[in-house]
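Visitor: Right, I'll just put the structure down here and ask away after.
The values are calculated or read from the model by the stated rules, or taken from the named source; none is laboratory data. Everything quoted here is computed from the prediction, not taken from an experiment. When we count neighbours, we look across all protein chains shown, and the Cβ atoms used for this are built from the backbone with ideal geometry, even at glycine.
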């Protein structure tokens, strides 16, 4: 008996099988993209030294359980929070802030460095409203930081920051980091969160 | 002169599909590599609130806490009150400490000190529940948190 050549496997249906698998993975794929608002909680301290903060330097945002917002003693819609926060931060009341473009209202904040924003929420406030407020407040800071970085360095703070985070930044990263720090120092994010109140 | 005669009945030759499997396999491998199969089985509703002023989360150093109302199929058993989930099971606020330290040990040792807690909270949840979680996190000294949100913004400017 002579050797017989083994018959070739018919690979015609290979493409069909591969397509089937491909479609399965296409359907099940969820490219997860976790993004969010980062915060640092205040560490536990036994004794907190009393801090003297002038009332005009605090911007209080209060949310009740009906999700109504009171900002700086005015009933406000969520759409207006950003503008109000920008006005408050950019005020520069005591004239020590050369780069502020606000009204220099004596009854509002002295300096962005001293300005503090506090969010007080009720225990029954919805998380959606809470995040919307946080988002608007971060947006206010980002707006001011963008403006200053545009003026000083000619780039947008938020754009460069996200470019560095994703690794897409072209140019000297370390130098850019120093610049970002500088901008951050001009408008330091001072957001404090009071504990949620029990609703009556 | 037959050299210059046009061939009669010039049917179009069939497109060669021999390399089709290769192309499809290439796509297949791409999707297999990028696919992340969901690790945790969701026991709570997860409709995340929208925000656009966001930062990216570093995956390798994060621990997730889910919170929200129980999913519709678990509501008969567990009611509609907001609940906390870590890993694959519901967690009580008092056993949060244990569940979190357990989740932390799954990270690589070098990064365990820099852990970031990702809070995936449903938008209908009360802030009170979140507040309890945050108080516990402060006790545990895990102070870096990130509120995971969906892209977009409902607030019109």
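Visitor: Examine the stretch A:86-98 for a residue that is surrounded by fewer than 17 Cβ atoms within 10 Å (Cβ to Cβ) and at pLDDT 85 or above, and state whether such a residue exists.
Guide: no
Visitor: Starting from the stretch B:72-97, keep only residues that are within 14 Å of residue B:122 (Cβ to Cβ), then list their pairs with residues that are surrounded by fewer than 11 Cβ atoms within 10 Å (Cβ to Cβ) whose Cβ atoms are within a distance under 8 Å, requiring at least 6 positions of separation or different chains.
Guide: Close Cβ pairs (under 8 Å, with a partner that is surrounded by fewer than 11 Cβ atoms within 10 Å (Cβ to Cβ)) amount to B:84/B:92.
Visitor: Here is a follow-up. Inspect the stretch A:102-120 for any residue being at pLDDT 85 or above, part of a helix (DSSP H, G or I) and within 30 Å of residue B:121 (Cβ to Cβ) and give the result as yes or no.
Guide: No, that holds for no residue.
Visitor: Looking at the stretch B:32-87, which of its residues are under 19 Å from residue B:133 (Cα atoms) and at the interface with another protein chain (Cβ under 7 Å from one of its Cβ atoms)?
Guide: Hit for the stretch B:32-87 is B:49, nothing else.
Visitor: Separate question: Report every pair of residues separated by at least 6 positions or lying on different chains whose Cβ atoms are under 9 Å apart, first residue within the stretch A:161-177 and more than 14 Å from chain B (Cβ to nearest Cβ), second modelled with pLDDT of 85 or more and exposed (fewer than 12 other Cβ atoms within 10 Å of the Cβ).
Guide: If the second residue must be modelled with pLDDT of 85 or more and exposed (fewer than 12 other Cβ atoms within 10 Å of the Cβ), no pairs are left.
Visitor: Here are some residues: B:106, B:136, B:144, B:114. Which one is farther than 12 Å from residue B:62 by Cα and surrounded by fewer than 19 Cβ atoms within 10 Å (Cβ to Cβ)?
Guide: It is B:136.
Visitor: Return the residues of the stretch A:86-100 that are touching a residue at least 24 places away in the same chain (Cβ under 8 Å) and part of a loop (DSSP other than H, G, I, E, B); say none if nothing qualifies.
Guide: A:90, A:91, A:93, A:99 - these are the residues of the stretch A:86-100 that are touching a residue at least 24 places away in the same chain (Cβ under 8 Å) and part of a loop (DSSP other than H, G, I, E, B).
Visitor: Of the residues A:6, A:28, only one is over 28 Å from the mean Cα position of the chain (by Cα) and away from every other protein chain (no Cβ under 14 Å); which?
Guide: The unique qualifying residue is A:6.
Visitor: Looking only at residues in the stretch B:115-132 that are under 22 Å from residue B:56 (Cβ atoms) and in contact with a helix residue (DSSP H, G or I) (Cβ under 8 Å, 6 or more places away or on another chain), which one is farthest from the other protein chains (Cβ to nearest Cβ)?
Guide: B:115
Visitor: Moving on. Regarding residue A:138, is this residue in a helix (DSSP H, G or I), in contact (Cβ under 8 Å) with a residue 40 or more places away in the chain and out of contact with any helix residue (DSSP H, G or I) (no Cβ under 7 Å at 6 or more places or on another chain)?
Guide: yes
Visitor: Which one is modelled with the lowest pLDDT among residues in the stretch B:32-46 that are within 30 Å of residue A:159 (Cα to Cα) and exposed (fewer than 14 other Cβ atoms within 10 Å of the Cβ)?
Guide: Restricting to residues being within 30 Å of residue A:159 (Cα to Cα) and exposed (fewer than 14 other Cβ atoms within 10 Å of the Cβ), the top hit is B:36.
Visitor: Now a separate question. Which of the residues belonging to the stretch B:117-133 are closer than 25 Å to residue B:60 by Cα and part of a strand (DSSP E or B)?
Guide: If the condition is that a residue be closer than 25 Å to residue B:60 by Cα and part of a strand (DSSP E or B), then B:117, B:118, B:119, B:120, B:121 are the ones that fit.
Visitor: Can you tell me which residue within the stretch A:99-126, out of those that are surrounded by fewer than 19 Cβ atoms within 10 Å (Cβ to Cβ) and within 14 Å of chain B (Cβ to nearest Cβ), is nearest to residue A:61 (Cα to Cα)?
Guide: The selected residue is A:120.
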